[in-house]
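Structure record follows, encoded as structure tokens.
Read-outs throughout are calculated quantities, based only on the coordinates presented, and are distinct from any laboratory measurement. All values derive from a computational prediction rather than experimental measurement. Virtual Cβ from ideal backbone geometry, glycine too; neighbours counted across all protein chains shown.
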Amino acid sequence: MNDLLPEQSALWQYVESNLRATFSEYAYQEIRPNLIEKTHLFQRSIGELTDIVSKEMYSFSDRNDESLTLRPEGTAGCVRAAIEHSLAYNNTPRLWMMGPMFRYERPQKGRYRQFHQVAAEVFGIDDAHIDVELILMTASLWKKLGIAEHVKLNINSLGSSEDRQAYHSTLVDYFKDNFEQLDEDSKTRLESNPLRILDSKNPDLQALITAAPSILEHLSDESQAKFKLITQCLEAAGVVYHINTRLVRGLDYYNDLVFEWSTQFLGAQDAVCGGGRYDGLFEQLGGQATPAVGFAIGMERLIELVKLSELDTDTAVVDAYIVNLGDRARQYAMIAADKIRSDMPGFKVKTHLGQGSFKSQFKHANKSGATFALIIGDDEVDNSTLTLKYMREDKEQLTATLESIIEVMKNHG
Ligand code: HAM
């Protein structure tokens, strides 16, 4: 679990504000479901046999001996909240959320026990165009964040539950016929979750997996038509995709479309965003049948990619740093700082407080990344002026009234 430290927070805020702006452009509304849910919510939705539920949940008993779990993902809680508050009753909410998730995984680069997701979930729309909208939204986000060249879209269809059942038995037969070639992990999965064998990264299994029967050959006409509509729309919108019949995802609730954006730039943990349709989940959790689709982006991985982009992320913490000496100057500085903030919304002003000679205060000003230092000593207080020094340019400093200094800073390119 990682603390987010002050030097990282500016970039996080930059990315988060781009995410918020994108959701707002698509008219999605924010939801903030609980961080803790009853354990059986995740068992029933994500699936008992998945890695997440069988090995990775932070579960504990509360004082009433009820088993609770820190959410390992957001979809289950979001659907629970939608059922509880009838959000999808005569309504088709398009929602987004952001926050921490918890999985007891083996930590490595890009994989943490507390990590953050930003997600979108849409309820009540039985039309594959909404699946496309979600993908287009992610694609526009990558563009905004300057990482479109760093990610690749994989899509697949898991069909209806009947399609999957038929495929399931074909796949089990195939792997049973080749049982001696499977590794231990896959032999276990053959019993519990054979589709996940397709996901194996073991190089020795790749040839066997490549030759396995494809799920796309087991789709009903209806599921085939939905998948076709999605691919056609993506082509019309100019979004490049790869059909990856081995993409099965690690959660059990999906049907029809599943997708993942992956990258070559982050090592083994290459999935930046994953999602798909989960039309059965509302009913499974005791709600009315409600079609649903969504995705989640891993924030830590997204941030790493944004660091690789050429974008100027404008993460300066301070624009003007006020250097001051003595009690009179300090009081004058506080009042001047507030006047600047009210005249220049968004402009970041920091007043030096605590000890320090002018020299050491300038060091702080320099380190802060500020464009300007504003100097206040006894002369400035006596004459009701400020001295402006350019920290990043070779320009002469000037002494003037606060109003004139504000004008100079406003007009600075
Ligand atoms: P997921 O594929 O389990 O899907 O997670 C989505 C993303 O979260 C991953 O692609 C990855 O970027 C990030 N992620 C997952 N685990 C970790 C970890 N341990 N450390 C860092 N990042 C991680 C879901 O959670 C589904 N709820 C997505 C969804 C929403 N499907 C429909 N609606």
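For the reader, a short list of remarks on this structure follows.
- Cβ-based charge dipole, the stretch 61-142, positive-most Cα from C78, P107, F123: P107
- Computed FRET value (nearest 0.05) for N90 with Y26, which takes r as the C-beta separation and R₀ as 25 Å: 0.70
- In the chain, the inverse of the mean reciprocal separation of distinct Cα atoms equals 24.7 Å; this is its Kirkwood hydrodynamic radius.
- A simple spin-label model places pseudo-atoms 7 Å from Cα toward Cβ; at E162 and V408 they are separated by 7.8 nm.
- Charge-dipole axis of the chain as Lys and Arg at +1 and Asp and Glu at -1 on Cβ define it, positive-most pick from A21, T50, H218: A21
- Sequence-distant residues sharing a close amide H with E73 (under 5 Å, placed H): F102
- Rounded to the nearest 5, the antiparallel percentage of DSSP beta bridges internal to the chain is 80%.
- Packing-based order for 57-66, 182-191, 199-208, using average beta carbon neighbours within 10 Å, highest first: 182-191, 199-208, 57-66
- Inter-label distance for D126 and K307, nm, one decimal - labels placed 7 Å from Cα along Cα-to-Cβ: 4.7 nm
- At R0 = 45 Å, FRET efficiency that the Cβ-Cβ distance of Q355 and K144 yields, to 0.05: 0.55
- Cα-based reach from K55 at 26 Å (exclusive), listing lysines while leaving out same-chain residues under 8 positions away: K38, K109, K176, K187, K201
- Stretching S67 away from R328 to a fully extended chain increases their span by 88.0 nm, per 0.36 nm per residue minus the current alpha-carbon distance.
- Pairs from K350/K410; K144/K307; K143/K348; K339/K367; K348/K410; K363/K410 whose Cα-Cα separation, in the structure shown, is over 19 Å: K143/K348; K339/K367; K363/K410
- Gain on full extension, evaluated as 0.36 nm per residue between Q284 and M344 minus their Cα-Cα distance, stands at 16.3 nm.
- Estimated vicinal HN-Hα couplings, Hz - the stretch 187-193 in sequence order (Karplus 6.51, -1.76, 1.60; Gly, Pro = x): 4, 5, 5, 4, 7, 8, 7
- In a DSSP loop and with at most 15 other Cβ atoms within 10 Å, the GluC sites (Glu not before Pro) in the stretch 279-375 are E310.
- Both radii come from the Cα set of the stretch 280-387: Rg as radius of gyration, Rh as Kirkwood radius; their ratio Rg/Rh reads 1.36.
- Share of alpha-carbon pairs per 5 Å distance bin for the stretch 41-155, given as whole %: 2, 9, 15, 17, 20, 17, 12, 5, 2, 1, 0
- Volume per residue that the Cα convex hull of the stretch 1-85 spans, once the total is divided by residue count, Å³: 143 Å³
- Q8 paired with Q232, simple spin-label distance in nm, labels 7 Å along Cα-to-beta-carbon: 4.5 nm
- In a fully extended conformation the segment linking D199 and Q181 would gain 4.9 nm over its present Cα-Cα distance, using 0.36 nm per residue.
- Here the Karplus curve 6.51 cos²θ - 1.76 cosθ + 1.60, taken at θ = phi - 60°, turns the phi angles of the stretch 149-156 into couplings of 6, 9, 10, 10, 9, 10, 10, 7 Hz, with x standing for Gly and Pro.
- Estimated dipole of the chain in Debye, rounded to 20 [Cβ of Lys and Arg +1, of Asp and Glu -1, Cα centre]: 1040 debye
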